[in-house]
Amino acid sequence: MSATPPTPPVEPGTWTGGEGSAHVRAVLAPNPSPMTLEGTNTWVIGDAGASSCVVVDPGPPDEGHLAAIEEVVDGRRVEAVLLTHRHPDHSEGAGVFAERVRSRVRAEGPGADDLTDGDVIVAGDLEIGVLATPGHTRDSVCFYVGADDALLTGDTVLGWGTTMVAWPDGRLDDYLASLDRLAGLTGSGRVRRFLPGHGAYLPDADASVHFYLDHRRERLDQVRQAVEGGATDVQSVLEVVYADVPRELWPAASRSVEAQLHHLRGTERS
Ligand SMILES: [Zn+2]
C-alpha cells in the first residue's frame, strides 16, 4: 500500500497565493511548471500594522511579480530578504528586490554563511526562527513563525506531490534527519501548519511530514528491491520505480534515485 497524502485545502494546481497563516501571506510568482507547481510562493511575514516585515524567496526577477510583493509589503521596512535555499526559482530576483526595498539578502551556506541554525530575525512583534534542514539542497532552511505555529518549508516539504533530493548537493541521510526534526516539531504541537515554497499551505503539518517520511521509506524500499532484482544504473531503477511519475519529472527523479543509491551503498559522504 502506498502512503496517501493529507487532503490539501484547495485542489492541486489551483492555489493562487494569499493568506497562509495569520501573519504570513503568499504572493504567487508567474513561473508555474512541473517542478514549481503553481509557481514559487514568495512569503511576506509581518503584522499588517507593524513598521517592518520580512520577505522570503522573492522568486524570479519578473517586474510584475516584484511589484506585487512590494504592494503587500505596503511601505513597511523590509528587515531582510530571506532565502529557503538558492535554487533560481526562489532566489533569482532576490538581489534586485533587496535593492529595490533597500534591504539585504540572507541565506545559509557556502558563499553567504549568514543564516545559521538557531538565528532569530525580528520583524515588529514577530520572531522568525531559522532551522537548518539540509537534504533537498545542502543550504535548505526552514523559517519558524511561532506566533502562528507555522513553518515555512521551502522545498523541503511541498504543498502537493513530493520533493526531490538534488544529488549531489542534496543528500538523503540529511533529508531524512531533517524530516525527523520537523516531525519532532509537529509532534510536540509547536508547528501545526506548513507554508511551502510551492503549492498551498498545509493545515495538518504533522500528517504531511509523516506522509513524506512514509513516502521516502517506500521509495527507498522500491529502489532496494529494484537493485536486488538486477537494476544496475539510474535509468533502469527509474524505469522500475518511477514508472508512475510523469516523464517530464524524470530528470529530477534521477537525482533522487542517485541520492537513494548512494544512501543504500553507504557512499553518501565519499
Ligand atoms: Zn523550488
note = Within segment 75-118, of all residues that are acidic (Asp, Glu) and outside any strand (DSSP E or B), the one nearest to residue 252 (Cα to Cα) is 89
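For residue 189, are the conditions met, namely being touching a Leu at 6+ places or on another chain (Cβ under 8 Å), assigned to a loop (DSSP other than H, G, I, E, B) and over 18 Å from residue 84 (Cα atoms)? Please lay out each step first, then the result.
Numbers: touching a Leu at 6+ places or on another chain (Cβ under 8 Å): no; assigned to a loop (DSSP other than H, G, I, E, B): yes; over 18 Å from residue 84 (Cα atoms): yes.
It is false that residue 189 is touching a Leu at 6+ places or on another chain (Cβ under 8 Å), assigned to a loop (DSSP other than H, G, I, E, B) and over 18 Å from residue 84 (Cα atoms).
When residues of segment 101-121 are filtered for being in contact with a strand residue (DSSP E or B) (Cβ under 9 Å, 6 or more places away or on another chain) and over 19 Å from residue 144 (Cα atoms), how many remain?
So the first thing to find is which residues in segment 101-121 are in contact with a strand residue (DSSP E or B) (Cβ under 9 Å, 6 or more places away or on another chain), and the list is 101-109, 112, 114-121.
Now restrict to residues that are over 19 Å from residue 144 (Cα atoms): 101-104, 112.
Qualifying residue count for the region: 5.
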note = Taking segment 140-159 and the residues there that are of a type in the set (D, E, K, R) and on the phi < 0 side of the Ramachandran plot, the one that is farthest from the ligand (Cβ to nearest atom) would be 148
key: Matching residues, segment 225-239, being buried (at least 16 other Cβ atoms within 10 Å of the Cβ) and more than 26 Å from the chain's Cα centre (by Cα)   = 226, 227, 231
message = Let me confirm something: among 258, 248, which residue is loosely packed, with under 15 Cβ neighbours inside 10 Å and part of a helix (DSSP H, G or I)?
response = 248
Residue check for residue 124: on the phi > 0 side of the Ramachandran plot and at pLDDT below 95 = yes
ask   = When only residues in segment 26-70 that are away from the ligand (no atom under 16 Å from the Cβ), assigned to a helix (DSSP H, G or I) and in contact (Cβ under 8 Å) with a residue 12 or more places away in the chain count, which is surrounded by the most Cβ atoms within 10 Å (Cβ to Cβ)?
value = 69
key: Count of segment 123-162 residues which are out of contact with any His (no Cβ under 8 Å at 6 or more places or on another chain), farther than 21 Å from residue 180 by Cβ and assigned to a strand (DSSP E or B)   = 3
query = Any idea how many residues of segment 160-180 are in contact (Cβ under 8 Å) with a residue 40 or more places away in the chain, surrounded by fewer than 24 Cβ atoms within 10 Å (Cβ to Cβ) and within 15 Å of the ligand (Cβ to nearest atom)?
reply = 5
inquiry  = Return the pair list, or none, for Cβ contacts closer than 6 Å from residues in segment 1-25 that are within 27 Å of residue 128 (Cβ to Cβ) to residues that are assigned to a loop (DSSP other than H, G, I, E, B) and among the small types (Gly, Ala, Ser), at least 6 apart or on different chains.
reply    = 8/200; 9/200; 10/200; 15/199; 15/200
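The values are calculated or read from the model by the stated rules, or taken from the named source; none is laboratory data. Bear in mind that the values here come from a model prediction, so they are computed numbers and not experimental data. We place every Cβ from the backbone using ideal geometry, glycine too, and count neighbours over all the protein chains shown.
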